[in-house]
Ligand SMILES: N[C@@H](CCC(=O)N[C@@H](CS)C(=O)NCC(=O)O)C(=O)O
């Protein structure tokens, strides 16, 4: 990997650069710099004597690139991806650069002054400077409010460098000088920035598991047509940025309702390949990556992923039943996914277990299941849904994401169930 980003996880200008890297899945190594550590500070100063991050080092081209805007420009030029950050057209490029400067100079930097003042010792405060910064932010908010009345993104119809600049600037600015009630267009724009298709992207990525297993199985089928050898999927799951303040290298992260959906989709894929896949291990059980359980000394909380695993217990030792369904489509930006996923199995007790995942974060889904063997009765189970796709359980709020009981009647051989957006439901016939 040729690119190394020297950054700090709490630095808002680093967030600007990270957004650009993540937009295009550009591979890079992240090196977190603690400016309080003399050696780490010296190493950063050697790269960029101004001593501010982010700084990008490109080994392949032997370049050191400081300044968030210039880094994004550099990435666009030398490591272009599906999102282009600076338009080719001259006028559009100038508008993009203007808006990038606007958000950096007239919102981001003033916001930093207000935050910096909070961190100063009591006898070094600068109330006049803070008032001035807030007054200037207010002027900039008014300009942006007018702009965003007719624009989807900061420089027009396309997401650009200017939006990478706007996202952290507005996010933090809104904390020091709120604008949600006074500048609705700007507030809507920030909501759009925050809803970039990360949810759909994460799920799209995880669905690659099916292709991966399919291609491995095809090779194994040639040499082992009787399927005597198992395919073992080790350490699957989501890998995100570590929880702030956790021990570096311990890979501690939260997992949310999004990851419950991700877990269900993977379990479904494994069950469809059950003739070949006989073991799988999520990474990992406790406190690490997509864990089931988080602990803090004597405190413990169950994650949304835990609930999916427990809800899927009826599928243990069960026989997969073939299911055919029309999934429909869930589309966000450039990402297109099947809207629902369904698996079924005959349990060890002879009942039918059905798992329904609604991938669509915006709409409930009504699923009608035709059960050839059963004309009437009911199915019981649980649904795991949450107020938001990134809702999580914490030590203080351990039941923010918790399953709720659900019952569905079976009439004339049909079971009908409406499931909430971004949810996982498992029911078993009674
Ligand atoms: N204009 C620079 C600003 C970078 C900047 O202000 N970085 C802050 C963190 S958000 C920093 O390095 N602060 C440490 C310091 O000033 O000592 C850019 O766009 O990259």
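When 104, 62 are checked against the criterion of being more than 16 Å from residue 10 (Cα to Cα) and either within 13 Å of the ligand (Cβ to nearest atom) or buried (at least 18 other Cβ atoms within 10 Å of the Cβ) (or both), 104 stands alone in meeting it.
Apart from one condition, residue 93 fits all of (1) within 25 Å of residue 196 (Cβ to Cβ); (2) more than 12 Å from the ligand (Cβ to nearest atom); (3) surrounded by fewer than 20 Cβ atoms within 10 Å (Cβ to Cβ); (4) in contact (Cβ under 8 Å) with a residue 40 or more places away in the chain; the exception is (4).
Would you list the strands (runs of 3 or more DSSP E) that sit entirely within the stretch 258-364 and hold 3 or more residues that are in the same structural domain as residue 403 (by TED's automatic domain parsing) and over 17 Å from the mean Cα position of the chain (by Cα)? Before you say what the answer is, go through the steps one by one.
Working: elements: 277-282, 293-296, 299-302, 319-321, 329-332, 335-338, 340-346, 352-358.
Strands (runs of 3 or more DSSP E) meeting the threshold: 277-282, 293-296, 299-302, 319-321, 340-346, 352-358.
Looking across the stretch 399-420 at every residue that is in contact with a strand residue (DSSP E or B) (Cβ under 6 Å, 6 or more places away or on another chain), touching a residue at least 40 places away in the same chain (Cβ under 8 Å) and surrounded by 16 or more Cβ atoms within 10 Å (Cβ to Cβ), the one that is nearest to residue 382 (Cα to Cα) is identified as 403. Restricting the stretch 49-59 to residues that are within 13 Å of the ligand (Cβ to nearest atom) and crowded, with 18+ Cβ neighbours inside 10 Å leaves a set whose member that is farthest from residue 80 (Cα to Cα) is 53. Residue pairs whose Cβ atoms lie under 7 Å apart, sitting 6 or more positions apart in sequence or on different chains, and linking a residue in the stretch 262-288 that is at positive phi to a partner that is assigned to a loop (DSSP other than H, G, I, E, B) and modelled with pLDDT under 95, are 287/252. Selection over the stretch 10-46 of residues that are within 12 Å of the ligand (Cβ to nearest atom), loosely packed, with under 15 Cβ neighbours inside 10 Å and outside any helix (DSSP H, G or I) gives a count of 4. When the stretch 275-287 is filtered for residues that are out of contact with any helix residue (DSSP H, G or I) (no Cβ under 9 Å at 6 or more places or on another chain), exposed (fewer than 14 other Cβ atoms within 10 Å of the Cβ) and closer than 16 Å to residue 345 by Cα, nothing remains.
What number of residues in the stretch 65-79 are in contact (Cβ under 8 Å) with a residue 24 or more places away in the chain and near the ligand (Cβ under 10 Å from one of its atoms)? Here the count works out to 4.
The values are calculated or read from the model by the stated rules, or taken from the named source; none is laboratory data. From a predicted model like this one, the values you see are computed outputs, not experimental measurements. All Cβ positions, even for glycine, are placed from backbone atoms using ideal geometry, and neighbour counts span all protein chains on display.
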